[in-house]
Amino acid sequence: MASKWTFIDQALDDRDRHHRRRQLTPITPLNPTQIQKQGRTLINFSANDYLGLAKHPQVQAAAIAYTQRYGTSATASRLVAGTFDIHTALETRLAEALGYEAALLFGTGYQCNLTVLSTLADRHSLILCDRLCHNSLLQGARHSGARLLRFPHNDLAALEAQLQAARKTSQAYNRIFIVSETVFSMDGDRADVARLQALSDRYNAILYLDDAHALGVLGQQGLGLTAHQNVDIVVGTFGKAFGAFGAFVASSRPVCDYLINHCPGLIYTTALPPSIIGSIDAALRLIPTLETERQHLHTQADTLRQGLQRLGYDTAQSASPIIPAIVGPNERALALSRSLEDHGFLAIAIRPPTVPEGTARLRFALSCHHTQDQIEQLLGTLGSLSTEG
Ligand SMILES: *Cc1c(COP(=O)(O)O)cnc(C)c1O
């Protein structure tokens with residue numbers, strides 16, 4: 001009789017054969033730009049801690065202070081006894097800062113997209129989603145049972161054609177959702193928020209935007225590309241520029257009330273712990289004050305992007321501190337990542353299915369703490385590697 005675990009061996013062998021096998025490699029963070037891996041110190045170009053807040057003394061102190069005052073756990077779900085005064089106070093401050101009527105905290109960005117999208121849409125709905133959207137959005141759309149159509153990346157003419165086609169069969173759908181990221185996590189390019197909004201108005205669709213990589217980095221006071229924009233539903237995460245953990249929805253009061261009553265991923269899960277609420281609160285106070293750091297971050301991003309382009313790398317349409325160097329074949333991305341590591345740089349290779357087939361890449365993500373010197377070292381090494389190979 002065949003072993004009941006054959007499918008595991010086959011799947012892993014398959015991953016190996018296609019250079020797609022993923023592994024967990026432990027590292028120790030040292031400071032905002034350096035980590036230790038297997039005893040070696042590397043410059044880290046793969047973290048999403050754009051402002052270095054995960055290591056900021058105020059963000060750390062708030063985690064400790066909130067823990068001492070409120071304990072290490074929220075001890076229950078939001079609807080049982082897990083809504084502390086600090087949860088609602090943070091939601092109020094967040095909504096105010098971002099210019100929305102209400103905000104609601106969630107466990108993680110992944111959980112938030114999965115559960116919110118599948119709570120709002122059902123099998124009579126239509127979801128139009130950018131082709132490069134994050135896996136959590138895709139899972140949310142699939143889980144909802146709605147009809148899912150993916151439009152070519154940032155192609156709003158194609159999106160409009162899908163909206164027009166849907167209008168002709170308008171009786172068929174109870175609601176239509178347009179789903180996009182504002183800054184795309186693997187290409188680092190941006191969506192046109194104003195045009196998406198105009199389309200959602202024109203076709204009476206619900207606009208759902210994931211602002212994970214713009215928060216802290218772009219927009220007025222670094223509060224993202226959706227702040228004060230009256231987008232129907234905004235999702236943001238605290239695991240990136242906030243240097244913390246967790247996520248939120250910002251929307252109208254009725255939408256948040258609806259989620260409190262209907263969203264399983266909010267109702268049946270333990271609330272975020274006090275330490276995290278403290279860190280998020282401190283980060284939210286700091287972010288508007290970090291204009292100089294943001295300027296520096298964008299200058300460094302320009303330097304790295306231009307340097308990569310001079311070396312002949314395809315950096316897609318990157319317009320953020322996320323800069324891909326697309327190399328194509330999986331083995332090439334892996335080999336380049338390994339060579340960089342040998343020279344003291346951590347730059348993780350991103351392969352399908354995370355990115356489309358044939359677009360394996362190194363994904364560089366910058367922090368405002370990266371120095372000009374570190375970026376020049378990286379470019380110098382990449383230059384010597386390409387002349388060698
Ligand atoms: C990271 C990310 C998420 C997931 O957020 P987590 O809090 O890490 O689960 C969702 N959407 C986008 C666009 C992301 O980049």
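The values are calculated or read from the model by the stated rules, or taken from the named source; none is laboratory data. Keep in mind the model is a prediction, meaning the values are calculated, not measured. Ideal geometry is used to build each Cβ from the backbone, glycine not excepted, and the neighbour counts take in all protein chains shown.
A single member of Y110, Y66, Y100 is buried (at least 18 other Cβ atoms within 10 Å of the Cβ) and not in a helix (DSSP H, G or I), and it is Y100. Looking only at region 286-302, decide whether some residue is in a helix (DSSP H, G or I), in contact with a helix residue (DSSP H, G or I) (Cβ under 7 Å, 6 or more places away or on another chain) and under 24 Å from Y70 (Cβ atoms). Yes, the conditions are met somewhere in region 286-302.
Yes/no matrix, rows are residues, columns are (1) surrounded by 19 or more Cβ atoms within 10 Å (Cβ to Cβ); (2) polar (S, T, N, Q); (3) in contact with a helix residue (DSSP H, G or I) (Cβ under 7 Å, 6 or more places away or on another chain):
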site: E331; (1), (2), (3): no, no, no
site: S337; (1), (2), (3): yes, yes, no
site: L340; (1), (2), (3): yes, no, yes
site: H343; (1), (2), (3): no, no, yes
site: A349; (1), (2), (3): yes, no, yes
site: R363; (1), (2), (3): yes, no, no
site: T371; (1), (2), (3): no, yes, no
site: G380; (1), (2), (3): no, no, no
site: S384; (1), (2), (3): no, yes, no
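When L266, L297 are screened for being touching a Pro at 6+ places or on another chain (Cβ under 7 Å) and not charged (D, E, K, R), only L297 passes. Screening L311 with (1) hydrophobic (A, V, I, L, M, F, W, C); (2) out of contact with any His (no Cβ under 8 Å at 6 or more places or on another chain); (3) crowded, with 18+ Cβ neighbours inside 10 Å gives one miss only, at (3).
A count restricted to region 139-190 and to residues that are touching a strand residue (DSSP E or B) at 6+ places or on another chain (Cβ under 7 Å), under 16 Å from L209 (Cβ atoms) and hydrophobic (A, V, I, L, M, F, W, C) stands at 8. Looking at region 176-189, I want the residues that are farther than 16 Å from K240 by Cβ and within 11 Å of the ligand (Cβ to nearest atom) and have a partner that is at pLDDT below 95 and outside any loop (DSSP other than H, G, I, E, B) with Cβ atoms under 9 Å, at least 6 apart or on another chain. Which pairs are those? No pair meets every condition. Annotation note: of Q220, Q162, the sole residue that is over 29 Å from T88 (Cβ atoms), of a type in the set (S, T, N, Q), free of Cβ contacts under 8 Å to residues at least 40 places away in the same chain and more than 13 Å from the ligand (Cβ to nearest atom) is Q162. Check region 32-51 and report whether any residue there is assigned to a helix (DSSP H, G or I) and surrounded by fewer than 20 Cβ atoms within 10 Å (Cβ to Cβ). The answer is no; no qualifying residue exists.
The requirement of being part of a helix (DSSP H, G or I) and among the polar types (S, T, N, Q) is fulfilled nowhere in region 314-328; no residue meets it. Only one entry of Y208, Y203 meets the criterion of being among the aromatic types (F, W, Y) and closer than 19 Å to L132 by Cβ, and that entry is Y208. Of the listed requirements (1) touching an Asp or Glu at 6+ places or on another chain (Cβ under 7 Å); (2) within 16 Å of the ligand (Cβ to nearest atom); (3) of a type outside the set (A, V, I, L, M), S251 misses just one: (2). Within region 3-31, being in a loop (DSSP other than H, G, I, E, B) and not small (G, A, S) holds for K4, W5, H18, H19, R20, R21, R22, Q23, L24, T25, P26, I27.
Within region 150-159, being away from the ligand (no atom under 16 Å from the Cβ) and free of Cβ contacts under 8 Å to residues at least 40 places away in the same chain holds for F151, P152, D155, A157, A158. So R167 passes all but one of these: (1) within 10 Å of the ligand (Cβ to nearest atom); (2) at pLDDT below 95; (3) of a type in the set (D, E, K, R). Which condition number does it fail? With respect to (1) within 10 Å of the ligand (Cβ to nearest atom); (2) at pLDDT below 95; (3) of a type in the set (D, E, K, R), R167 is out only on (1). What pairs come up if the first residue lies in region 232-246 and is in contact (Cβ under 8 Å) with a residue 12 or more places away in the chain and closer than 19 Å to Y208 by Cβ, the second is more than 10 Å from the ligand (Cβ to nearest atom) and part of a loop (DSSP other than H, G, I, E, B), and their beta carbons are under 6 Å apart, counting only those six or more places apart or on different chains? Close Cβ pairs satisfying both conditions: V234/T226; G246/L272. Each residue in region 113-132 was checked for being surrounded by fewer than 23 Cβ atoms within 10 Å (Cβ to Cβ), more than 12 Å from the ligand (Cβ to nearest atom) and either at positive phi or assigned to a loop (DSSP other than H, G, I, E, B) (or both), and 5 of them qualify. Cβ separations smaller than 9 Å between residues 6+ apart or across chains give the following pairs from region 15-36 residues that are closer than 15 Å to P353 by Cα to residues that are small (G, A, S): H19/A333; H19/A360.
Within region 133-149, does at least one residue satisfy the condition of being assigned to a helix (DSSP H, G or I), in contact (Cβ under 8 Å) with a residue 12 or more places away in the chain, away from the ligand (no atom under 16 Å from the Cβ) and touching a Leu at 6+ places or on another chain (Cβ under 9 Å)? Taking every residue of region 133-149 in turn, at least one turns out to be assigned to a helix (DSSP H, G or I), in contact (Cβ under 8 Å) with a residue 12 or more places away in the chain, away from the ligand (no atom under 16 Å from the Cβ) and touching a Leu at 6+ places or on another chain (Cβ under 9 Å).
Of the residues examined, T83 is not one that is free of Cβ contacts under 8 Å to residues at least 60 places away in the same chain, within 29 Å of R253 (Cβ to Cβ) and not in a strand (DSSP E or B).
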